[in-house]
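**Q** The structure follows.
Any read-out appearing in this document is the output of simple, stated calculations on the displayed coordinates, not a laboratory observation. Given the structure is predicted, the values throughout are model-derived calculations rather than measurements. Note that we place each Cβ from the backbone using ideal geometry, even for glycine, and neighbour counts take in every protein chain shown.
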Amino acid sequence: MPHAPGRIDASLTLSLSLAALSGGLFLPLSLVYFTVLTDIPLPVLGAIMSGSVLIGLPLPVVAGMLVDRWTAHPVVVAGLSLQAVAYAGFVVARDPIEVLLASSVMAVGVRLFWSSVFTFLADHADTGSTLSMEQWFGRLNAARTVGIVVGGLITGAVISVQVESAYLALAWAASVCTALAAILVLGVVRPLPRADRPSRAETRTYFSILRDREFLRFLVLNSVLALSTLFFGLSLPTVVRSGLDGPGWLTAALLVTNALLVAVFSARGAGLASSIPKVRLLRRAALLWSGAFAAMAVAVTLPLAVAAPVLLIGVALLSVAEILHAPSSAALVDELARGARGRYLAVFQYSFVVAELVAPIMFTALFGVAAALPFAAVAAACGLVAIALRSGRRPRPAG
């Protein structure tokens, strides 16, 4: 008896939510976790974390080839399963080698998941889902944003308690949630190879992708937009605490506001991505981010009572930008990916990898010079992206 599409969609949505919650529980905790539970010096922990990131760098290339050959379904399951194993490994890891091993397994799992999940959702939308590709991309972004915020709030409470068993419970909870997410994905009907999928001999290679100027140009521009999606959560706690000498609840309130806006209006953003040219939506997102970070640059120069509503305005603007960017950017890459959806959407992840590497260095270096400087720099960069998107040609599907 075939599974009802609505039931499969609900199962997949729950899977994405559980995976996002797991990441949200542990993302802000990783360094603190091992600082509390091990005797490893902080510089060594930092080197271990950086080393594990480097191990994961080649994975999008590998994942893209696997996805185009065997579909994304097994790669997504493998990515989630490895993350579940890594979280369980964090419970017992105590010396540097064990921590490096668990962190490396986590890096591989995360990269495999994010390098294949967009293709998996796009293929699922093509083969009997009740939702469009853009709707799935919007739903994925909403799950990620809400998961990070909810997980971060729970983690903040655990850190304030400072009980070792609570840290271990978080690692177990993240492992269980990710394992359940993998099981739920296993229950989703594996998409058959698309009828328009070319033979292996005709499939575009990475060398041909590197000659696709329109795609590479968009990849560079999207690196700035990806930086914008990360910069808010990365910088807000420091800005409120150190720049404004504000209370912790203000940070939590602004993060929750962002999560609620994204969760409530993601479907609207997906609808726009289905009906409006995606480059136009991306240009609007860049302008909104430029305004949002300009507001934050102004806010850090004001007294707290005035800065708080200005920050709220900035949060509203960047939330709308995120709602527009998430479905339209991935869907635009899918338009470019004739014959190599898996490869293109996997390489697309490198724009987020660049953002993850640049954002912490950029923020800490510029914030030390002037509190407003990092936000002014991102606002200017987003303005330039908006100009580039307006002046450039609309990316053409590769072929």
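**Q** With a 10 Å Cβ neighbour count serving as the proxy for reagent exposure, in which order, fewest first, do 68, 212, 126, 39 appear? Can you show the working numbers first?
**A** Working: 68 25, 212 20, 126 16, 39 8.
Exposure proxy ranking, most exposed first: 39, 126, 212, 68.
**Q** Shape verdict for the range 87-166, please, from the Cα gyration tensor: rounded (a/c under 1.5), prolate (a/b greater than b/c) or oblate.
**A** On the way: a/c = 4.17, a/b = 1.71, b/c = 2.44.
The shape class here is oblate.
**Q** I've got another one for you. Which one of 257, 167, 67 is farthest out on the positive end of the charge dipole of the chain, using unit charges on Cβ (Lys, Arg +1; Asp, Glu -1) and the Cα centre as origin?
**A** 67
**Q** Still on this structure, please answer the following. So for the range 211-391, averaging the separation of alpha carbon pairs under 8 Å that are six or more residues apart and normalising by length, what relative contact order in percent results?
**A** Across the range 211-391, relative contact order equals 36 percent.
**Q** Another question, if that's okay. What does the charge count around residue 287 come to, taking other residues whose C-beta lies under 14 Å from its C-beta (Lys +1, Arg +1, Asp -1, Glu -1)? Walk me through the numbers on the way to the answer.
**A** Details: positive: 280, 283, 284, 390; negative: 322.
Neighbour charge sum, excluding residue 287 itself: +3.
**Q** Given just the C-alpha atoms of the range 5-186, how large is their convex hull per residue in cubic angstrom?
**A** Expressed per residue, the convex hull around the Cα atoms of the range 5-186 is 101 Å³.
**Q** A follow-up question, please. Out of 79, 138, 122, whose Cα points farthest toward the positive end of the dipole of the range 71-139 (charges: +1 Lys, Arg; -1 Asp, Glu; placed on Cβ)?
**A** Comparing the listed Cα positions along the dipole, 79 ranks first.
**Q** Please state the relative contact order of the chain as a whole percent: Cα pairs under 8 Å, 6+ residues apart?
**A** It rounds to 24 percent for the chain.
**Q** About the Cα centre of the range 3-112, what is the dipole size in debye to 20, counting +1 per Lys and Arg Cβ and -1 per Asp and Glu Cβ, all else neutral?
**A** On the way: 4 positive and 5 negative charges, 42 e Å.
Dipole about the Cα centre, nearest 20: 200 debye.
**Q** Along the charge dipole of the range 211-391, which of 223, 312, 345 sits closest to the positive end, that is, farthest toward it, with unit charges on the beta carbon of Lys, Arg, Asp and Glu (+1, +1, -1, -1)?
**A** 345
**Q** For the chain, give the magnitude of the charge dipole about the Cα centre (Cβ charges: +1 Lys/Arg, -1 Asp/Glu; no others), in debye to the nearest 20.
**A** 1340 debye
**Q** Sticking with this structure for a sec: State whether the range 211-391 is rounded, prolate or oblate according to the following rule on the C-alpha gyration tensor (a ≥ b ≥ c being the square roots of its eigenvalues): a/c under 1.5 gives rounded; otherwise a/b larger than b/c gives prolate, and the remaining case gives oblate. Write down the numbers at each step before the final one.
**A** Numbers: a/c = 2.18, a/b = 1.69, b/c = 1.29.
Cα axes put the range 211-391 in the prolate bin.
**Q** Then there's this: Among rounded, prolate and oblate, which fits the chain when a ≥ b ≥ c are the square roots of the eigenvalues of its C-alpha gyration tensor, a/c under 1.5 means rounded, and a/b larger than b/c means prolate?
**A** oblate
**Q** Right, something else. Rank by packing, highest mean first: peptides 372-379, 319-326, with packing defined as the count of other Cβ atoms within 10 Å averaged across residues.
**A** 319-326, 372-379
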